[in-house]
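Before any comments, here is the structure.
Just so it is clear, none of the values below were taken in a lab; they were calculated from the coordinates. Keep in mind that this is a model prediction, so the values were computed, not measured. All Cβ positions, glycine included, derive from the backbone under ideal geometry; neighbour counts span all protein chains shown.
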Number of protein chains: 2
Amino acid sequence: MKKINLVLFFLAALVAFVVNAQPPRPAPTPNDTLNSTKVLKDGRVMFSIYAPKASQVTLSGDFLKEYKPIQLVKNDIGVWSYTSDAVTPDVYSYDFVVDGVKTLDPKNVLLKEGENGYSNYFEVSGPESAYASIQNVPHGNLQKVWFFSKVTGKMTRFHVYTPPGYEKMKGKLPVLYLQHGGGDNDASWSTVGRANFIMDNLYAARKAVPMIVVMPMGHPGAGFFMNPGIDEDPYYKQMFDEIMPLVAEKFRALTDRYHTAYAGLSMGGLQAMNMALFSPQRFGYVLPLSTGYFPPQIKLLEEKYADALRNPEINKLKLFWICMGGQKDIAYQNGLNCNALFDKFGIKYEKANYDAGHTFITWRHNLEEFAPKLFK
Amino acid sequence: MKKINLVLFFLAALVAFVVNAQPPRPAPTPNDTLNSTKVLKDGRVMFSIYAPKASQVTLSGDFLKEYKPIQLVKNDIGVWSYTSDAVTPDVYSYDFVVDGVKTLDPKNVLLKEGENGYSNYFEVSGPESAYASIQNVPHGNLQKVWFFSKVTGKMTRFHVYTPPGYEKMKGKLPVLYLQHGGGDNDASWSTVGRANFIMDNLYAARKAVPMIVVMPMGHPGAGFFMNPGIDEDPYYKQMFDEIMPLVAEKFRALTDRYHTAYAGLSMGGLQAMNMALFSPQRFGYVLPLSTGYFPPQIKLLEEKYADALRNPEINKLKLFWICMGGQKDIAYQNGLNCNALFDKFGIKYEKANYDAGHTFITWRHNLEEFAPKLFK
């Protein structure tokens, strides 16, 4: 039932009540009281969607051990269900597909906005998910900053998180640029990525220093760029010429190298790699997550950009932290290939891992792990 | 197709390409290139959704002249369509219902978050919609502010818009509290309500003075309160004891009566009425939109709260602006009843109207009309 109609219905029902007429009530359905993601006592999750006329419903999500969609089973009142294995308390995303049409869960308002649409997500509460939960601790603010980009000729935006107490702080703060992946957009790190709550919780535990977190849009051009270098993709020009100056103008941001960090995942991780190799003098910390150049790009890098790989500025990074999502991370082999190339050219980096594949489960835990390493 | 799978697919396709294997491509469908809200040259809008196995698809929305849902018609490739009458350029919300299940438009990322779920919205471009469009003008920032409410014992949040250039301004600014209706939440005014862009455009045209706009959550309690008085509903205690002090703490906000305005729509309009009648000394401007007490509440007001109605502070409001959405506004009669009661008690107010019913079309235009009247 649509939102405005809820209000209309409510008011109409009251008006009707007042004049003693019969209110026009929609017929009750099993959907009215359906809990679409019910966490059972043993930690399994029962997914349900009411679709009495559908002939097939599937479900996919990052809580599944494999990436292939699950078939749901319909009961005699038109509710399709699937019960997962037990899951660790955390935040998970999922999608229903009803008769071939992707259908957002009508019973869940938690959405992850992406470049091409939305997915739902839900939280399983427990000690393991506390790192990313909305807790009763001081909260920073999350802002959307809109601006006109001369680079692309279009309106665009980025998200900015300022730490708790920012308004009353004296002086300037370091900045972490936190980049999403190819299917996502600048809203993803603060929805399913929970970056703001993860930072709030780290500060409350005195594990991270106050910093501004800027979450840009990763697709200013029309394409999905992945080549080494910072000339083809308008992303870098927009970042250096527009976003970084705007952050300095609108926020009390430190702008020197050792107060600037750059982390990105998947496609954003390739952007991070490019920052480390082609603009290392701008950053003190670069953290590529679940990424690595593809074999043709590795070849291109070595053939065309060998001089860049020998730039001594790269090894002046305080931290070059390459983190993968384990062997089921689809970028795993590309990551290993990159490491081998970096070894060959004497580039120093730290290796890390969180074994939850190419998913936001991995990347949230990455943020929790690396944010305490910054600006100390 | 889910977001993570898009990335997976893309990367998998590339890996497959590299190793000369056949990439696993999903079969193409009419959905791949579907434009779900296509504005035709004559101003009509064609709505489409791909649902080949569905047996019924309906559409509702505030672009329709009546509130009842429209039946879509299926073509031979499984696409259901409906073409509306010509619509004035503006922002419109809509919902698809597929076989009885509300289904967000899988081809549109523009969503309105509400108290009970989401609706889609889209913009028809043209001179008439320029007031609410994202234009190349200086933009203010939109923030989400999370806090722990002692009143309810829960985490909650509000949205805040600060005007363009706020960071560089000297001194404090007046505050407009802008309240959503019963089916919506604190995100509604900055999604389908476009409040931030309307304010940006007003400033750019020098029609409004710089102000901070605070958009609180209207349902801190469990219910949908509508009685006169500010004691039953925890909303008022949260507003006065928590939100207003937090705004003063986190923003450079003026807090005196004549630099504080309160506007609300529908249920939020009842909250505005209560502010005007039961706490007029806190506000210089009160603007109830598309609202009015129901007959039993009017009776209660007159019997129990006659003293409040005679409070001389009410007529010290610089502006008490009661605006309705015309005769098809479902609150129209309630609004007239309220006016009659106010007349009886000598309460002064201004009447206004925007004839688009009980919809956000009305309320966006209301904001555009009243914001220039504030703090001058």
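Counting only aspartates and glutamates at least 8 places from residue A:68 when in the same chain, those with an alpha carbon closer than 16 Å to its own are A:85, A:95, A:329. With N the number of residues in segment A:278-364, Rg(Cα) / (2.2 N^0.38 Å) evaluates to 1.09. The string of couplings for segment B:51-57 from the Karplus curve (6.51, -1.76, 1.60, θ = phi - 60°) is 8, x, 9, 6, 9, 7, 10 Hz, one whole number per residue in order, with x for Gly and Pro.
In segment A:26-129, which trypsin sites (Lys or Arg not before Pro) fall in coil by DSSP and have 16 or fewer other Cβ atoms within 10 Å? Intermediate results must be reported in sequence, preceding the final value.
Numbers: sites: A:38, A:41, A:44, A:53, A:65, A:74, A:102, A:107, A:112; in loops: A:41, A:53, A:65, A:107.
Answer by residue number: A:41, A:53, A:65.
Legend: mean number of C-beta atoms from other chains within 10 angstrom of residue C-beta atoms, peptide B:117-124, equals 3.
Calculated from DSSP H runs of 4 or more alone, at -39500 (n - 2.57) each and per residue, what is the 222 nm mean residue ellipticity of chain A, nearest 500?
Details: 9 runs with 88 residues, N = 376.
The helix-only estimate for chain A comes to -7000 deg cm²/dmol at 222 nm.
Tell me the relative contact order for chain B as a rounded percent, counting alpha carbon contacts under 8 Å between residues six or more apart.
On the way: 737 pairs, mean separation 43.2, N = 376.
So the answer I get is 11 percent.
Check each of the trypsin sites (Lys or Arg not before Pro) in segment A:298-347 and keep only those in coil by DSSP with at most 12 other C-beta atoms within 10 angstrom; list them in order. Write out the running numbers ahead of the final one.
Details: sites: A:299, A:304, A:310, A:316, A:318, A:328, A:344; in loops: A:310, A:318, A:328.
Hits after loop and neighbour filter: A:310.
In order along segment A:81-96, phi translates into HN-Hα couplings of 9, 8, 10, 7, 5, 4, 10, 5, x, 5, 10, 10, 10, 7, 9, 9 Hz, rounded to whole numbers, per the Karplus curve 6.51 cos²θ - 1.76 cosθ + 1.60 with θ = phi - 60° and x for Gly and Pro.
Listed by chain and number, the lysines placed with their C-alpha closer than 22 angstrom to that of residue B:348 are B:299, B:304, B:316, B:318, B:373, B:376; residues fewer than eight positions away on the same chain are left out. Only beta bridges with both residues in the protein assembly as shown are counted; by DSSP, about 65 percent of them are antiparallel. For the segment A:146-158, counting C-beta atoms of other chains within 10 Å of every residue's C-beta and taking the mean gives 3. Quick one: Kirkwood hydrodynamic radius for segment A:226-376, alpha-carbon pairs, angstrom, one decimal? For segment A:226-376, inverting the mean 1/r across all distinct Cα pairs yields 15.6 Å. Of A:314, B:229, A:158, which is farthest on the positive side of the dipole of the protein assembly as shown, counting Cα position, with +1 on Lys and Arg Cβ, -1 on Asp and Glu Cβ, and the Cα centre as origin? Selected residue: A:314. Label points for residue A:339 are taken 7 Å from Cα along Cα→Cβ. From this copy to the others they lie 7.4 nm apart, shortest first. On C-alpha positions alone, give me the angle between the axis of helix B:195-204 and the longest principal axis of chain B, in degrees, nearest 10. Computed tilt is about 70 degrees. Label-point spacing for residue B:240 across the identical copies (point 7 Å from Cα in the Cβ direction), in nm and ascending order: 5.7.
Against chain B, whose longest principal axis comes from its Cα atoms, helix B:295-304 is set at around 30 degrees. Under 5 Å from the amide H of residue B:353 lie the amide H atoms of B:324, each residue being 5 or more positions distant or on a separate chain, with H modelled from the backbone and absent for Pro and chain starts. Taking one quarter of the surface of the convex hull spanned by the alpha-carbon atoms of segment B:84-168 gives a direction-averaged projected area of 9.5 nm².
Using alpha-carbon positions, what is the distance between the centroids of segment A:261-294 and segment A:25-53, in Å? Segment A:261-294 and segment A:25-53 have Cα centres separated by 42 Å. Inter-chain neighbour count for B:137-145: the average number of beta-carbon atoms from partner chains within 10 Å of each residue's beta-carbon is 6.
Once the C-beta distance of residue B:41 and residue B:88 is scaled by a Förster radius of 22 Å, the resulting FRET efficiency is 0.90 to the nearest 0.05. With the label put 7 angstrom out from Cα along the Cα-to-Cβ vector, residue A:355 ends up 7.0 nm from the copy partners, going from closest to farthest. In degrees between 0 and 90, to the nearest 10, how far off the longest principal axis of chain A does helix A:332-344 point, with axes built from Cα atoms? The angle comes out near 10 degrees.
Which value in Å does the Kirkwood hydrodynamic radius of segment B:34-125 take, with 1/r averaged over all unlike C-alpha pairs and then inverted?
Values: mean 1/r = 0.0748 Å⁻¹.
Computed over segment B:34-125, the radius equals 13.4 Å.
The alpha carbons of the protein assembly as shown stretch over 88, 62, 55 Å along the principal axes, in descending order.
Convex hull volume of the Cα atoms in chain A, per residue, in Å³?
Working: hull volume 66.2 nm³, N = 376.
That works out to 176 Å³ per residue.
Less than 5 angstrom separates the built amide H of residue B:182 from those of B:267, B:268, all sequence-distant by 5 or more or on a different chain. With θ taken as phi - 60° and the Karplus curve 6.51 cos²θ - 1.76 cosθ + 1.60 applied, the whole-hertz 3J(HN,Hα) list for segment B:255-261 is 10, 7, 3, 7, 10, 9, 10 Hz, x standing for glycine and proline.
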